[in-house]
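So the structure is just underneath, and the comments pick up after that.
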There are 2 protein chains.
Amino acid sequence: MAGDVLSTFRGVHDHGRCTDDALATAEALCAEKGLRLTALRRRVLELVWSRHQPVRAYDLLEDLRAERRRAAPPTVYRALDFLIANRLVHRIESLNAYVGCAGPRNPHVGQFLICRKCSAVAELNDGEIARTVARKARGLGFTVERQTIEIAGLCPQCGGTRAA
Amino acid sequence: MAGDVLSTFRGVHDHGRCTDDALATAEALCAEKGLRLTALRRRVLELVWSRHQPVRAYDLLEDLRAERRRAAPPTVYRALDFLIANRLVHRIESLNAYVGCAGPRNPHVGQFLICRKCSAVAELNDGEIARTVARKARGLGFTVERQTIEIAGLCPQCGGTRAA
DNA sequence: GCTATCATGTTATAGTATAACAACCCACGC
DNA sequence: GCGTGGGTTGTTATACTATAACATGATAGC
(Lines give C-alpha, C1' and ligand atoms only; values in the text may rest on other atoms or scores of the structure.)
Protein backbone atom coordinates (compact mmCIF):
# COMPACT_ATOMS: atom_id res chain seq x y z
CA MET A 1 0.00 0.00 0.00
CA ALA A 2 1.21 3.42 -0.88
CA GLY A 3 -0.80 5.02 1.90
CA ASP A 4 -3.96 7.02 1.69
CA VAL A 5 -4.28 9.53 -1.06
CA LEU A 6 -6.76 11.93 0.39
CA SER A 7 -7.03 14.26 -2.53
CA THR A 8 -6.55 13.04 -6.02
CA PHE A 9 -5.33 14.79 -9.11
CA ARG A 10 -7.56 16.73 -11.44
CA GLY A 11 -10.10 14.68 -13.30
CA VAL A 12 -9.98 11.68 -11.06
CA HIS A 13 -13.00 12.55 -8.96
CA ASP A 14 -16.26 14.48 -8.70
CA HIS A 15 -15.19 17.90 -7.63
CA GLY A 16 -18.57 19.43 -6.86
CA ARG A 17 -19.22 16.54 -4.56
CA CYS A 18 -15.93 16.75 -2.74
CA THR A 19 -16.57 20.43 -1.99
CA ASP A 20 -19.99 19.67 -0.57
CA ASP A 21 -18.57 16.82 1.47
CA ALA A 22 -15.82 19.03 2.82
CA LEU A 23 -18.31 21.66 3.95
CA ALA A 24 -20.57 19.10 5.54
CA THR A 25 -17.66 17.54 7.38
CA ALA A 26 -16.50 20.97 8.53
CA GLU A 27 -19.96 21.80 9.86
CA ALA A 28 -20.11 18.53 11.75
CA LEU A 29 -16.60 18.84 13.15
CA CYS A 30 -17.15 22.38 14.38
CA ALA A 31 -20.47 21.46 15.93
CA GLU A 32 -18.82 18.59 17.81
CA LYS A 33 -16.03 20.77 19.10
CA GLY A 34 -18.06 23.86 19.87
CA LEU A 35 -16.22 25.89 17.24
CA ARG A 36 -17.97 28.73 15.50
CA LEU A 37 -17.98 28.09 11.77
CA THR A 38 -19.43 31.52 10.98
CA ALA A 39 -20.86 32.48 7.60
CA LEU A 40 -17.61 34.18 6.72
CA ARG A 41 -15.42 31.24 7.66
CA ARG A 42 -17.70 28.80 5.92
CA ARG A 43 -17.65 30.92 2.78
CA VAL A 44 -13.85 31.18 2.80
CA LEU A 45 -13.61 27.42 3.20
CA GLU A 46 -16.00 27.02 0.28
CA LEU A 47 -13.91 29.38 -1.84
CA VAL A 48 -10.74 27.47 -0.97
CA TRP A 49 -12.41 24.30 -2.18
CA SER A 50 -13.98 25.94 -5.21
CA ARG A 51 -10.91 25.50 -7.38
CA HIS A 52 -8.98 22.33 -7.55
CA GLN A 53 -5.76 24.13 -6.93
CA PRO A 54 -3.92 25.92 -4.20
CA VAL A 55 -5.54 29.33 -3.81
CA ARG A 56 -3.73 32.49 -2.83
CA ALA A 57 -5.04 34.71 -0.07
CA TYR A 58 -5.55 37.72 -2.32
CA ASP A 59 -7.48 35.64 -4.84
CA LEU A 60 -9.80 34.63 -2.03
CA LEU A 61 -10.04 38.28 -1.08
CA GLU A 62 -11.04 39.24 -4.60
CA ASP A 63 -13.72 36.54 -4.66
CA LEU A 64 -15.00 37.60 -1.27
CA ARG A 65 -15.22 41.23 -2.30
CA ALA A 66 -17.65 40.34 -5.07
CA GLU A 67 -20.22 39.62 -2.40
CA ARG A 68 -18.92 41.43 0.67
CA ARG A 69 -17.56 44.81 -0.19
CA ARG A 70 -16.03 45.42 3.22
CA ALA A 71 -13.63 42.50 2.93
CA ALA A 72 -10.00 43.46 3.57
CA PRO A 73 -6.82 41.39 3.94
CA PRO A 74 -7.40 40.68 7.64
CA THR A 75 -10.84 39.35 6.77
CA VAL A 76 -9.44 36.51 4.75
CA TYR A 77 -6.30 35.94 6.80
CA ARG A 78 -8.28 35.63 9.99
CA ALA A 79 -10.66 33.17 8.43
CA LEU A 80 -7.69 31.18 7.10
CA ASP A 81 -6.08 31.23 10.55
CA PHE A 82 -9.20 29.71 12.03
CA LEU A 83 -9.49 27.09 9.30
CA ILE A 84 -5.84 26.14 9.54
CA ALA A 85 -5.86 25.98 13.33
CA ASN A 86 -8.77 23.58 13.11
CA ARG A 87 -7.23 21.53 10.34
CA LEU A 88 -9.79 22.37 7.72
CA VAL A 89 -7.24 24.04 5.48
CA HIS A 90 -3.54 23.54 4.83
CA ARG A 91 -1.03 26.16 3.83
CA ILE A 92 1.40 25.17 1.07
CA GLU A 93 4.58 26.90 2.15
CA SER A 94 6.37 26.62 -1.14
CA LEU A 95 3.51 28.36 -2.96
CA ASN A 96 2.19 30.82 -0.36
CA ALA A 97 -1.15 29.24 -1.06
CA TYR A 98 -3.92 27.32 0.64
CA VAL A 99 -5.81 24.10 -0.03
CA GLY A 100 -8.73 22.43 1.67
CA CYS A 101 -7.75 19.62 3.96
CA ALA A 102 -8.96 16.37 2.52
CA GLY A 103 -9.29 14.49 5.78
CA PRO A 104 -9.77 16.78 8.75
CA ARG A 105 -10.76 13.89 10.97
CA ASN A 106 -7.62 11.89 10.34
CA PRO A 107 -4.49 12.49 12.30
CA HIS A 108 -2.16 13.72 9.63
CA VAL A 109 0.88 15.75 8.93
CA GLY A 110 0.57 17.48 5.62
CA GLN A 111 2.32 15.80 2.74
CA PHE A 112 1.67 17.21 -0.68
CA LEU A 113 2.43 16.33 -4.27
CA ILE A 114 2.33 19.52 -6.32
CA CYS A 115 2.28 19.50 -10.11
CA ARG A 116 4.30 22.38 -11.49
CA LYS A 117 2.46 22.24 -14.79
CA CYS A 118 -1.23 22.10 -13.92
CA SER A 119 -0.88 23.17 -10.27
CA ALA A 120 -2.94 20.25 -9.07
CA VAL A 121 -2.19 19.16 -5.54
CA ALA A 122 -2.64 15.76 -3.97
CA GLU A 123 -2.60 15.43 -0.22
CA LEU A 124 -1.01 12.28 1.12
CA ASN A 125 -1.37 10.88 4.54
CA ASP A 126 1.41 8.39 4.45
CA GLY A 127 2.31 6.94 7.78
CA GLU A 128 5.54 5.38 6.59
CA ILE A 129 6.94 8.73 5.47
CA ALA A 130 5.82 10.42 8.66
CA ARG A 131 7.25 7.68 10.85
CA THR A 132 10.55 7.59 8.99
CA VAL A 133 10.97 11.34 9.37
CA ALA A 134 9.98 11.22 13.04
CA ARG A 135 12.34 8.36 13.78
CA LYS A 136 15.31 10.09 12.16
CA ALA A 137 14.61 13.33 13.97
CA ARG A 138 14.21 11.59 17.31
CA GLY A 139 17.47 9.79 16.74
CA LEU A 140 19.16 13.18 16.67
CA GLY A 141 17.49 14.31 19.88
CA PHE A 142 15.00 16.51 18.07
CA THR A 143 11.39 16.76 19.20
CA VAL A 144 9.11 16.91 16.18
CA GLU A 145 6.10 19.21 16.37
CA ARG A 146 5.25 19.77 12.73
CA GLN A 147 6.25 18.17 9.44
CA THR A 148 6.13 20.17 6.23
CA ILE A 149 6.59 17.88 3.24
CA GLU A 150 6.00 19.33 -0.21
CA ILE A 151 6.98 17.36 -3.28
CA ALA A 152 7.11 19.29 -6.54
CA GLY A 153 7.11 17.62 -9.94
CA LEU A 154 4.71 16.35 -12.57
CA CYS A 155 1.40 14.68 -11.89
CA PRO A 156 0.38 11.57 -13.87
CA GLN A 157 -1.66 13.61 -16.37
CA CYS A 158 1.15 16.08 -17.02
CA GLY A 159 3.95 13.67 -17.66
CA GLY A 160 4.35 11.51 -14.65
CA THR A 161 4.98 7.83 -15.14
CA ARG A 162 2.03 5.48 -14.93
CA ALA A 163 1.18 4.19 -11.52
CA ALA A 164 2.09 0.54 -10.99
CA MET B 1 22.62 4.89 10.87
CA ALA B 2 20.49 7.98 11.06
CA GLY B 3 22.02 9.44 7.90
CA ASP B 4 24.39 12.32 7.53
CA VAL B 5 23.81 15.38 9.61
CA LEU B 6 25.47 18.01 7.56
CA SER B 7 24.87 20.94 9.83
CA THR B 8 24.67 20.49 13.57
CA PHE B 9 22.85 22.44 16.20
CA ARG B 10 24.27 25.45 17.94
CA GLY B 11 27.21 24.78 20.16
CA VAL B 12 28.14 21.47 18.68
CA HIS B 13 30.79 22.76 16.32
CA ASP B 14 33.30 25.49 15.53
CA HIS B 15 31.24 28.05 13.74
CA GLY B 16 34.00 30.34 12.51
CA ARG B 17 35.64 27.36 10.94
CA CYS B 18 32.52 26.09 9.23
CA THR B 19 31.99 29.48 7.62
CA ASP B 20 35.56 29.53 6.33
CA ASP B 21 35.18 25.99 5.05
CA ALA B 22 31.94 26.85 3.31
CA LEU B 23 33.54 29.79 1.53
CA ALA B 24 36.57 27.76 0.51
CA THR B 25 34.35 24.99 -0.83
CA ALA B 26 32.27 27.51 -2.72
CA GLU B 27 35.36 29.03 -4.29
CA ALA B 28 36.60 25.63 -5.36
CA LEU B 29 33.24 24.48 -6.69
CA CYS B 30 32.72 27.63 -8.74
CA ALA B 31 36.24 27.45 -10.11
CA GLU B 32 35.65 23.86 -11.21
CA LYS B 33 32.38 24.69 -12.90
CA GLY B 34 33.40 27.99 -14.43
CA LEU B 35 30.89 29.91 -12.32
CA ARG B 36 31.57 33.48 -11.33
CA LEU B 37 31.60 33.76 -7.57
CA THR B 38 31.87 37.54 -7.64
CA ALA B 39 32.77 39.67 -4.64
CA LEU B 40 29.10 40.43 -4.09
CA ARG B 41 28.00 36.82 -4.26
CA ARG B 42 30.84 35.71 -2.06
CA ARG B 43 29.98 38.37 0.49
CA VAL B 44 26.30 37.41 0.52
CA LEU B 45 27.27 33.78 1.02
CA GLU B 46 29.51 34.84 3.89
CA LEU B 47 26.68 36.86 5.44
CA VAL B 48 24.33 33.91 5.15
CA TRP B 49 26.84 31.80 7.03
CA SER B 50 27.68 34.50 9.53
CA ARG B 51 24.80 33.64 11.84
CA HIS B 52 23.96 30.13 12.78
CA GLN B 53 20.37 30.66 11.86
CA PRO B 54 18.18 31.10 8.86
CA VAL B 55 18.68 34.66 7.63
CA ARG B 56 16.02 36.76 5.96
CA ALA B 57 16.72 38.58 2.74
CA TYR B 58 16.16 42.02 4.19
CA ASP B 59 18.51 41.31 7.08
CA LEU B 60 21.15 40.45 4.51
CA LEU B 61 20.30 43.66 2.71
CA GLU B 62 20.77 45.68 5.87
CA ASP B 63 24.14 44.04 6.48
CA LEU B 64 25.19 44.63 2.90
CA ARG B 65 24.22 48.29 3.05
CA ALA B 66 26.66 48.89 5.87
CA GLU B 67 29.46 48.39 3.38
CA ARG B 68 27.81 48.94 0.00
CA ARG B 69 25.42 51.82 0.05
CA ARG B 70 23.92 51.09 -3.35
CA ALA B 71 22.54 47.72 -2.30
CA ALA B 72 18.85 47.31 -3.03
CA PRO B 73 16.49 44.34 -2.80
CA PRO B 74 17.44 42.97 -6.24
CA THR B 75 21.07 43.05 -5.19
CA VAL B 76 20.54 40.48 -2.50
CA TYR B 77 17.83 38.48 -4.26
CA ARG B 78 19.96 38.06 -7.35
CA ALA B 79 22.92 36.93 -5.31
CA LEU B 80 20.67 34.48 -3.47
CA ASP B 81 19.28 33.20 -6.78
CA PHE B 82 22.78 32.42 -7.96
CA LEU B 83 23.76 30.76 -4.69
CA ILE B 84 20.58 28.68 -4.59
CA ALA B 85 20.83 27.65 -8.24
CA ASN B 86 24.33 26.41 -7.55
CA ARG B 87 23.35 24.70 -4.31
CA LEU B 88 25.42 26.89 -2.04
CA VAL B 89 22.39 28.15 -0.18
CA HIS B 90 18.99 26.69 0.68
CA ARG B 91 15.75 28.53 1.11
CA ILE B 92 13.63 27.53 4.09
CA GLU B 93 10.12 27.86 2.73
CA SER B 94 8.35 27.83 6.06
CA LEU B 95 10.43 30.75 7.32
CA ASN B 96 11.03 32.79 4.17
CA ALA B 97 14.68 32.56 5.11
CA TYR B 98 17.98 31.27 3.83
CA VAL B 99 20.75 29.05 5.19
CA GLY B 100 24.12 28.03 3.87
CA CYS B 101 24.17 24.59 2.31
CA ALA B 102 26.27 22.33 4.45
CA GLY B 103 27.31 19.93 1.71
CA PRO B 104 27.18 21.50 -1.72
CA ARG B 105 29.14 18.63 -3.24
CA ASN B 106 26.73 15.94 -2.07
CA PRO B 107 23.67 15.09 -4.04
CA HIS B 108 20.94 16.07 -1.65
CA VAL B 109 17.38 17.15 -1.32
CA GLY B 110 17.04 19.63 1.47
CA GLN B 111 15.74 18.21 4.70
CA PHE B 112 15.76 20.53 7.68
CA LEU B 113 15.17 20.32 11.39
CA ILE B 114 14.19 23.75 12.64
CA CYS B 115 14.09 24.65 16.33
CA ARG B 116 11.22 27.00 17.07
CA LYS B 117 12.87 28.21 20.25
CA CYS B 118 16.47 29.03 19.29
CA SER B 119 15.94 29.05 15.51
CA ALA B 120 18.87 26.71 14.96
CA VAL B 121 18.63 24.65 11.81
CA ALA B 122 20.19 21.29 11.07
CA GLU B 123 20.39 20.10 7.51
CA LEU B 124 19.93 16.41 7.00
CA ASN B 125 20.85 14.40 3.99
CA ASP B 126 18.96 11.28 4.75
CA GLY B 127 18.69 8.89 1.88
CA GLU B 128 16.07 6.73 3.52
CA ILE B 129 13.65 9.63 3.88
CA ALA B 130 14.32 10.80 0.34
CA ARG B 131 13.89 7.30 -1.09
CA THR B 132 10.71 6.64 0.87
CA VAL B 133 9.16 9.85 -0.35
CA ALA B 134 10.28 9.22 -3.92
CA ARG B 135 8.96 5.64 -3.89
CA LYS B 136 5.53 6.69 -2.62
CA ALA B 137 5.25 9.48 -5.14
CA ARG B 138 6.32 7.22 -8.00
CA GLY B 139 3.77 4.67 -6.88
CA LEU B 140 1.10 7.29 -7.56
CA GLY B 141 2.45 8.08 -10.99
CA PHE B 142 4.04 11.32 -9.87
CA THR B 143 7.44 12.41 -11.17
CA VAL B 144 9.43 13.98 -8.37
CA GLU B 145 11.57 16.98 -9.19
CA ARG B 146 12.07 18.62 -5.84
CA GLN B 147 11.50 17.61 -2.23
CA THR B 148 10.87 20.24 0.43
CA ILE B 149 11.03 18.70 3.88
CA GLU B 150 11.02 21.00 6.88
CA ILE B 151 10.57 19.61 10.36
CA ALA B 152 9.72 22.10 13.09
CA GLY B 153 10.12 21.36 16.77
CA LEU B 154 12.68 21.57 19.55
CA CYS B 155 16.38 20.91 19.17
CA PRO B 156 18.23 18.83 21.76
CA GLN B 157 19.42 21.93 23.64
CA CYS B 158 15.96 23.47 23.81
CA GLY B 159 14.04 20.53 25.13
CA GLY B 160 14.47 17.71 22.72
CA THR B 161 15.03 14.24 24.04
CA ARG B 162 18.58 13.01 24.27
CA ALA B 163 19.99 11.31 21.23
CA ALA B 164 20.37 7.56 21.57
C1' DG C 1 40.04 47.58 -28.60
C1' DC C 2 35.34 45.48 -29.94
C1' DT C 3 31.64 43.24 -28.73
C1' DA C 4 28.69 39.91 -26.67
C1' DT C 5 27.41 38.47 -22.37
C1' DC C 6 26.78 38.42 -17.84
C1' DA C 7 26.54 41.22 -13.54
C1' DT C 8 25.02 45.07 -11.01
C1' DG C 9 22.61 49.58 -10.27
C1' DT C 10 18.27 51.92 -10.03
C1' DT C 11 13.48 52.94 -9.71
C1' DA C 12 9.20 51.37 -9.22
C1' DT C 13 5.80 48.18 -8.05
C1' DA C 14 3.68 43.63 -7.10
C1' DG C 15 2.58 40.26 -3.74
C1' DT C 16 2.07 38.51 1.14
C1' DA C 17 0.86 39.32 5.83
C1' DT C 18 0.02 41.61 10.35
C1' DA C 19 -0.62 45.50 13.93
C1' DA C 20 -3.76 48.16 16.29
C1' DC C 21 -7.91 49.82 17.53
C1' DA C 22 -13.06 50.35 16.77
C1' DA C 23 -17.50 48.39 16.25
C1' DC C 24 -20.52 44.68 16.49
C1' DC C 25 -22.80 40.55 18.04
C1' DC C 26 -24.31 37.06 20.77
C1' DA C 27 -24.48 33.83 24.77
C1' DC C 28 -24.84 33.95 29.52
C1' DG C 29 -25.94 35.35 34.14
C1' DC C 30 -28.36 38.45 36.76
C1' DG D 1 -34.65 42.90 29.93
C1' DC D 2 -30.18 44.20 30.61
C1' DG D 3 -25.58 44.41 31.04
C1' DT D 4 -21.24 42.44 30.26
C1' DG D 5 -17.62 39.89 28.50
C1' DG D 6 -15.49 37.31 24.95
C1' DG D 7 -15.08 36.39 20.47
C1' DT D 8 -15.77 38.06 15.63
C1' DT D 9 -15.49 41.38 12.13
C1' DG D 10 -14.56 46.16 10.29
C1' DT D 11 -11.14 49.56 9.28
C1' DT D 12 -6.91 51.88 8.49
C1' DA D 13 -2.35 51.69 8.15
C1' DT D 14 1.89 49.54 7.58
C1' DA D 15 5.45 45.84 7.58
C1' DC D 16 7.59 42.35 5.14
C1' DT D 17 8.87 39.62 0.88
C1' DA D 18 9.96 39.59 -3.88
C1' DT D 19 10.24 40.86 -8.84
C1' DA D 20 9.76 43.82 -13.27
C1' DA D 21 12.01 46.66 -16.29
C1' DC D 22 15.45 49.23 -17.98
C1' DA D 23 20.17 51.54 -17.43
C1' DT D 24 24.91 51.04 -16.56
C1' DG D 25 29.11 48.65 -15.83
C1' DA D 26 32.55 44.81 -15.89
C1' DT D 27 34.74 40.88 -18.18
C1' DA D 28 36.28 37.48 -21.39
C1' DG D 29 37.16 36.03 -25.90
C1' DC D 30 38.06 37.39 -30.30
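Laid out as a table, the results:
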| item | result |
| --- | --- |
| Single unsatisfied condition, A:Arg41 versus (1) of a type in the set (Lys, Arg); (2) away from DNA strand D (no atom under 14 Å from the Cβ); (3) modelled with pLDDT of 95 or more | (2) |
| Members of the range B:23-56 that are outside any helix (DSSP H, G or I), within 14 Å of DNA strand C (Cβ to nearest atom) and open to solvent by 70 Å² or more (accessible area, probe 1.4 Å) | B:Arg36, B:Arg56 |
| Residue within the range B:150-164 that is within 22 Å of A:Gly153 (Cα to Cα) and either over 15 Å from the mean Cα position of the chain (by Cα) or open to solvent by less than 30 Å² (accessible area, probe 1.4 Å) (or both) present | yes |
| For A:Glu145: the one exception among (1) at the interface with chain B (Cβ under 8 Å from one of its Cβ atoms); (2) over 23 Å from A:Lys33 (Cβ atoms); (3) open to solvent by 30 Å² or more (accessible area, probe 1.4 Å) | (2) |
| Output for the range A:124-142, where each listed residue is facing chain B (nearest Cβ under 7 Å), out of contact with any helix residue (DSSP H, G or I) (no Cβ under 8 Å at 6 or more places or on another chain) and not hydrophobic (A, V, I, L, M, F, W, C) | A:Arg138, A:Gly139 |
| Conditions (1) modelled with pLDDT of 95 or more; (2) open to solvent by 80 Å² or more (accessible area, probe 1.4 Å); (3) basic (Lys, Arg); number of the one not met by A:Arg10 | (1) |
| Residues being closer than 29 Å to B:Val55 by Cβ and modelled with pLDDT under 95 - total across the range B:116-141 | 12 |
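The values are calculated or read from the model by the stated rules, or taken from the named source; none is laboratory data. Since the model is a prediction, treat every value here as computed from it, not as a measurement. Neighbour counts run over all protein chains shown; Cβ positions are idealised from the backbone, glycine included. Just so you know, the surface numbers come from the protein's heavy atoms only, side chains and all, with ligands and any DNA or RNA stripped out. Shrake-Rupley method; radii C 1.70, N 1.55, O 1.52, S 1.80 Å.
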